[in-house]
Structures are given as structure tokens and as C-alpha cells.
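Okay, structure first, notes after.
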Amino acid sequence: MKSLKNIVIHFALIGFIFSACSSPNKYKLVWEDEFEYTGLPDSAKWDYDQEGNQSGWGNKEEQFYTKARKENAWVENGILKITAIQEQYEDKNFSSARLISKADWQYGKVEVRAKLPDARGTWSAIWMMPGGWSFDDGNWPDIGEIDIMEHVGHDLGVIHASAHSKDYQWQKGTQKTDTINVGNVNTQFHSYILEWTPDLMKAYVDDKLYFTYRNEGLGVDKWPYNKPFYLILNVAVGGAWGSVEGIDSRAFPQTMEVDYVRIYQK
């Protein structure tokens, strides 16, 4: 009787799980990189953004983003490491990497588990730009930008989430944004999460919601987010924000470690 009871419970549990997973309101994993390999980032999933190197990416940044260079982007022991190094590279004093996903998505849940650099002058980010857009295309911020996580080393532990558009942008001080204090971002991994629907954006650190932005229904100048966006992972050095209190060059190299990237959709 006990074994029969266990079988009944087992099948009931399977039915519950199937029902939950098949619900249209539940998220389904559609793309991931668990970094369970050794070498350069998976070329089927990631590319390298270099277009803004000569112009300092519009922010007077100090790094040169390299392509397929193991010193700046490397996977080992289940971790992706994006490393900024103090060195003369091309015409810059630092090298780093800016990875971009080859896929893009319209709405869903983005989760990136990462540990962040902490030196003055570092500017690490997990963010999204519209599919098909590149730096040379311009028209920023009208086209939209979604910042899931930004962190500057001189303000250790303060995590920012933001949305930028034509009317809501940082140059005007009107961007939609909020912050949360996380004391150990540089010593422990945390999940940086975006939930994005046609009507709403929410950002979390782990299970803590700290940023909410609702679509006001006032058009693309305020909400240009009804289209696919791709993911960007990078560590910048300096720039308009990163170097507000200077760059501690003695603290380099500096690394953002990424445990996994997971994309879900309903």
C-alpha cells in the first residue's frame, strides 16, 4: 500500500509540474550560457563590440575593447571572466572586452549571475540595446537602452538599473532609474534580473525588487521598448561616470565574473 501511495503521489506531482510549466503565465528558458567549457566565449552565442573604440564610446572611456583575446575574455571552471588590464593597447591605456549576444529577444526575463570589479575607475555593466543596432548607427538614446546593472568602482555596492529614451535620458537628468545598495558585490555572486513586458519593466538583485518603470502609453519617445533587444556584458574604464573620482591604475587588472546568463520568455 505504501508503494502504491508513493506512485500516486509521484504521478500527481508530475501532473502538477507539467501543468505549471505549460501555463502561459510561466517563464520558459529560451537561451542560456552556463559557461561549462574552457576557452573563448562561445562564438555561436557571443560576438565582440569594437565600433566605438576610437571615439571613446561617446563617454571618453579609457579602454580598448579587444576581439577574441583570452586576456580580456575567457571561460574556465564554469565562469566567464571579462578583465580590464592596464596596458598600452592600440592608442589606449587599458584593454577590456565588450561581449554582445548574437540573439535578441522581445520581452521576457533576463538573469545574469555575476561578481563585480571594485577599483576606482571601473564601470561594469549588464545591459541591452535594440536588435540590429550598432554604435556607428547612432541615434542614441532615441532608439532605447535598458540597463539591468551598472556599477562604478568609486561608489562600491551601489547598483543602478535604468531605461533611456529620447525624452528620458541621463544627459537631461530625466532617465527612469533607481538604485539598491548591495554590500558584497565584489566578493559574492548576485543575480541581476530584468523582467520586461509590453507594459512594465522591473529590476531585481536576487529576489529584491528595486526598480519599476511602467509604460505610460505616450509613444516611442518615452517607451521605445516594443522591439527585440540584445544583451551586452562589459567592463569599461573611466568615462564620464567611471572616472568621476579618478582611476586607481594600481588596482588593475579588474574582472567581472559571470556564472551564467539565462533568458526566459512566456
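No value in this document is a laboratory result; all are computed from the given coordinates. A quick note: this is a predicted structure, and the numbers were derived from the prediction, not measured. Glycine gets a Cβ as well: all are built from the backbone with ideal geometry, and neighbour counts include every protein chain shown.
Quick notes on this one:
- Looking only at segment 122-145, and only at residues there that are hydrophobic (A, V, I, L, M, F, W, C) and in contact with a Leu (Cβ under 7 Å, 6 or more places away or on another chain), the one that is farthest from Ser96 (Cα to Cα): Met128
- The residue of segment 178-213 that is nearest to the chain's Cα centre (by Cα), among those that are surrounded by 13 or more Cβ atoms within 10 Å (Cβ to Cβ) and β-branched (Val, Ile, Thr), is Ile193.
- Residues that are of a type in the set (S, T, N, Q) and crowded, with 22+ Cβ neighbours inside 10 Å, drawn from segment 136-164: Ser162
So that you can scan it fast, the table gives a plain yes or no per residue for (1) without any contact (Cβ under 8 Å) to a residue 40 or more places away in the chain; (2) under 16 Å from the mean Cα position of the chain (by Cα); (3) in a loop (DSSP other than H, G, I, E, B):
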position	(1), (2), (3)
Phe94	no, no, no
Pro117	no, yes, yes
Ser124	no, yes, no
Ile143	no, no, yes
His154	no, no, no
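- Counting only residues that are farther than 19 Å from Glu61 by Cβ and either in a strand (DSSP E or B) or within 13 Å of the chain's Cα centre (by Cα) (or both), segment 129-141 holds 1 of them.
- Residue match in segment 198-217 (condition: assigned to a loop (DSSP other than H, G, I, E, B), in contact with an Asp or Glu (Cβ under 9 Å, 6 or more places away or on another chain), more than 25 Å from Ile79 (Cα to Cα) and of a type in the set (Lys, Arg)): no
- Cβ pairs under 7 Å, 6+ apart, first in segment 167-189 and part of a loop (DSSP other than H, G, I, E, B), second among the β-branched types (Val, Ile, Thr) and surrounded by 12 or more Cβ atoms within 10 Å (Cβ to Cβ): Asp167/Thr174; Tyr168/Thr174; Val182/Ile159; Val182/Val205; Val185/Ile159
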